[in-house]
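First the structure, in the form of structure tokens, and then the observations on it.
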Amino acid sequence: MTDDYAPHRSDELPPDSVGIVEPRTQHFSDSLTLACGRSLDEYDIVYETYGELNAAKSNAILICHALSGHHHAAGYHSADDKKPGWWEVCIGPGKPIDTNHFFVLSINNLGGCHGSTGPASINPATGKPWGPDFPALRCRDWVASQRRMMALFGIEQWAAVIGGSLGGMQAMRWALEHPDEVRHCIVIASAMRLTAQNIAFNEIARQAITSDPEFHGGRYLEHETIPKSGLALARMVGHVTYLSEDGMGEKFGREIKSGNFQIGQDDKVEFQVESYLRYQGDVFSRSFDANTYLLMTKALDYFDLAREYNDDPVEAFQHAKCGFLVMSFTSDWRFAPSRSREIVDALVAARKPVCYAEIEANFGHDAFLLPIERYLKTFSAYMLRVKEEVNRAL
Amino acid sequence: MRFDLNLAAEWIDDNSRVLDLGCGDGSLLAYLRDHHNVDGLGLEINDAHIRECIEKGLSVIDHDLDYGLKKFRDNSFDVVVMAQALQTLRSPHLVIDEMLRVGRECIVTFPNFGYWRGRLYLGYRGRMPVSKFLPHNWYDTPNIHFCTVRDFEQLCQEKGIRILHRTVVNAADCESLIASKLPNLFGVTAVYHISK
């Protein structure tokens, strides 16, 4: 997932932005037992909120982020901030997740590297960074920690839990595990479990990281270094798989950044796409923690919606009590429309209310972050319905 | 609501589970939900229609009927409705088989190509009929598999399909004596209620 498509701002903050937002940190000192059997005695969660929680606390929306996402989903951190949050196209006044009507909670998942407790945090038992000793996490652990945030705000039921990609997996897990606490579940460009091909790409990314000599078995921080080239390579591979052939063709074509092909000239030619990927990899390697990347991709690989329900997604979804909106994008081959259709088919067989839209889009998996007209309109139509339900109940 | 949809609604029991193929803006499903407590699901490919269904609070799936109904289990619906879409399908006969597999009963409505005005148009002008009901030219029409009332009943006979009810309506969207006596000549729209 990338945020380089986010609109660049001019001099003033756009009127349809939530504006300047401030991340907050919540410390939890009651132990959280994890799916792996271990527990975290204490931890921090960094989060942002947008919009106002109504008196009935019935207009709350939880945003679940994807692999490389974080709490900063919308707005700007300062007037000089160059880029807004990663889902600025969908969250804000008048946008699909309309902050004039909804209260939005966006948190950095446990195990992340943007302020919430994760592998780069200090392990209180040793006084050193957790590194590879940080417990393995599953989607359900994120749901459990998100639920503690929910309790903190006194929210008894989400108007909607929304997520794209890995975020969609969390949203579905919410619907199954806490059916009374979710009114609507919105799953975008996601899957009930990864395919072998998808796991394979994650493994290549992990191998790139762990085979970097600077990785030091995951204890790079103790060696005062980071596996920069491994992380950059992982990101480059990921990035290619998040785009589509046509999308890349449209964006870069065979344009040359430097050098030329003239006969008799020995200039080294660099294509735009090479330079772009290197830049993305470089930026990412300086802002993302390698152990978090390993942890997040493992959580993705391990997720299997129906595992605890006799491997039957219909049986799994029978536990849900919410309405579902599922959306996919035609050129997304990492989380292909066929994966979304499997979700929809299981929901239909389980007799759950479901809306499904397959959005024509050229930008691969990244499409869910982009201002695609039909996507935003369909999303808005569904959210309008959620809003009306909230208002009717008041 | 369109006349053929009103008719269809009369044949659907309260509290049924209904699948509407090519559900358009969801008028029928919304009506059935509000007046007959029907649990409905629509299939549609037009994105504006899909949004209208979403706004009405209906369940709707973006799905091309030409891909079939493989995604649905046998007898998973009480009634499967397909209004004015039969003639747009690549393999209408296979879709009818699928409808009868997925639903206990089916309701199919289609424009009757045997209607006298069409025959006259073709007979006298020697050109494919264009009318207010079927306003397209032969080359740009979505209607690629026209049939007549008699054709449809022939297909039902070949497949052993039971016709539970048949209604044909005239140009004013009304049931008339003459249309009921000579449906293949005076019916504009045919509405069939069928089962296995």
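Where a number appears in this text, it was derived from the coordinates with a stated rule and is not lab data. Keep in mind the model is a prediction, meaning the values are calculated, not measured. In this analysis, Cβ positions are derived from the backbone assuming ideal geometry, glycine residues included, and neighbour counts consider all displayed protein chains.
With the contact rule set at Cα under 8 Å and sequence spacing of 6 or more, what percent relative contact order holds for region A:140-212? Show your work: numbers first, answer last.
On the way: 72 pairs, mean separation 20.7, N = 73.
Taking the mean separation of contacting Cα pairs over the length of region A:140-212, I get 28 percent.
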Report summary line: Cβ-Cβ cut-off under 12 Å around A:Ile155, Lys and Arg +1, Asp and Glu -1: the net charge is +2
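Please arrange A:Met236, A:Met296 by how many other C-beta atoms lie within 10 Å of their C-beta, fewest to most. It would help to have the intermediate numbers written out before the result.
Values: A:Met236 22, A:Met296 25.
In order of increasing Cβ crowding within 10 Å: A:Met236, A:Met296.
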Requested in this report: Grab the beta carbon distance between A:His77 and A:Arg148, set R0 = 22 Å, and tell me the FRET efficiency rounded to 0.05.
Outcome: 0.30
Requested in this report: Just need the relative contact order of chain A here, percent rounded to a whole number, with Cα pairs under 8 Å and 6+ apart.
Outcome: 18
**Report entry** Label-point separation, A:Glu224 to B:Trp138 (7 Å along Cα→Cβ), nm
**Finding:** 8.5
Query raised in the report: So how tilted is helix B:27-36 from the main axis of chain B? Cα-based, degrees 0 to 90, rounded to 10.
Result: 50
**Report entry** Over region A:12-83, relative contact order from alpha-carbon pairs under 8 Å, at least 6 apart, %
**Finding:** 39
Query raised in the report: Which net charge results when you count Lys and Arg as +1 and Asp and Glu as -1 among the other residues whose beta-carbon is under 9 Å from that of A:Ala74?
Result: -1
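What's the average, rounded to a whole number, of partner chain beta-carbon atoms within 10 Å of each residue's beta-carbon in B:53-59? Intermediate values should be presented prior to the final figure.
Values: counts 2, 12, 6, 2, 7, 3, 11.
Averaged over the peptide's residues, the number is 6.
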Report summary line: Rounded to one decimal in nm, the spacing of the 7 Å Cα→Cβ label points at B:Ser131 and B:Asp97 is 3.2
Query - Calculated [θ] (222 nm, deg cm²/dmol) that DSSP helices of n ≥ 4 give over chain A, each run adding -39,500 (n - 2.57) - result: -10500 deg cm²/dmol
Report summary line: From the Cα centre of region A:155-231 to that of region B:20-87, the distance in Å is 35
Report task. Using only the Cα atoms of region A:168-263, each taken as one equal point scatterer with no solvent, compute I(q) by the Debye sum, divide by I(0), and report log10 of the ratio at q = 0.11, 0.16, 0.17, 0.20 Å⁻¹. Result -> -0.61, -0.94, -0.96, -1.01
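First measure r as the distance between the Cβ atoms of A:Ser29 and A:Glu274, then evaluate 1/(1 + (r/R0)^6) with R0 = 51 Å and state the FRET efficiency to the nearest 0.05.
After rounding, the FRET efficiency stands at 0.60.
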Query - Residue mean of other protein chain beta carbons inside 10 Å, A:353-363 - result: 4
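Looking at the protein assembly as shown, send over the antiparallel percent of its DSSP beta bridges, to the nearest 5. Could you put the intermediate results ahead of the total?
Values: 30 of 79 bridges.
Close to 40 percent.
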Requested in this report: With label points built 7 Å along Cα→Cβ from the Cα atoms of A:Glu156 and B:Lys181, find their separation and express it in nm.
Outcome: 6.7
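Return the inverse of the average 1/r over all pairs of distinct C-alpha atoms in region A:218-278, which is the Kirkwood hydrodynamic radius, in Å to one decimal.
Details: mean 1/r = 0.0715 Å⁻¹.
Final number for the Kirkwood radius of region A:218-278 is 14.0 Å.
Using the number of other C-beta atoms within 10 angstrom as an exposure proxy, rank A:Phe201, A:Phe261, B:Phe186 with the fewest first. Write out the running numbers ahead of the final one.
Working: A:Phe201 19, A:Phe261 8, B:Phe186 22.
In order of increasing Cβ crowding within 10 Å: A:Phe261, A:Phe201, B:Phe186.
Please arrange A:Trp87, B:Trp116 by counting, for each residue, the other beta carbons lying within 10 Å of its beta carbon, fewest first. It would help to have the intermediate numbers written out before the result.
Details: A:Trp87 28, B:Trp116 15.
The fewest-first ordering by Cβ neighbours comes to B:Trp116, A:Trp87.
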Report summary line: Scoring only Lys, Arg, Asp and Glu (+1, +1, -1, -1) among other residues with Cβ under 15 Å from the Cβ of A:Tyr220 yields -1
**Report entry** Inter-chain Cβ neighbour average for residues A:378-387, partner chain, 10 Å
**Finding:** 3
Requested in this report: Return the Rg/Rh value of region B:1-72, two decimal places, where both radii are evaluated on C-alpha atoms and Rh is the Kirkwood radius.
Outcome: 0.95
Report summary line: By the Cα gyration tensor axes a ≥ b ≥ c (a/c under 1.5 gives rounded; else a/b larger than b/c gives prolate, otherwise oblate), the shape of region A:41-200 is rounded
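Provide the FRET efficiency to the nearest 0.05 for the A:Glu214-A:Lys321 pair, computing r from the beta carbons and using R0 = 60 Å. Display every interim value, and only then the final one.
Numbers: r = 49 Å, r/R0 = 0.81.
Efficiency at R0 = 60 Å is approximately 0.80.
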**Report entry** Geometric extent, Cα atoms of region A:157-215 - Rg, Dmax (angstrom)
**Finding:** 15.8, 49
**Report entry** 25 °C / 0.890 mPa s Stokes-Einstein diffusion coefficient of region B:42-196, Kirkwood radius on C-alpha pairs, µm²/s
**Finding:** 147
**Report entry** Cα-based Kirkwood hydrodynamic radius, region A:257-394, one decimal, Å
**Finding:** 19.1
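How would you order A:215-224, B:72-81 from highest to lowest mean count of nearby Cβ atoms within 10 Å? Can you show the working numbers first?
On the way: A:215-224: 15.7, B:72-81: 19.8.
Peptide ranking by packing, descending: B:72-81, A:215-224.
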Query - Calculated on alpha-carbon atoms, Rg and Dmax of the protein assembly as shown in Å - result: 28.0, 95
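Would you compute, from DSSP H runs of 4+ residues alone, the mean residue ellipticity of chain B at 222 nm, taking -39500 (n - 2.57) per run and dividing by the full residue count, rounded to the nearest 500?
-8500 deg cm²/dmol
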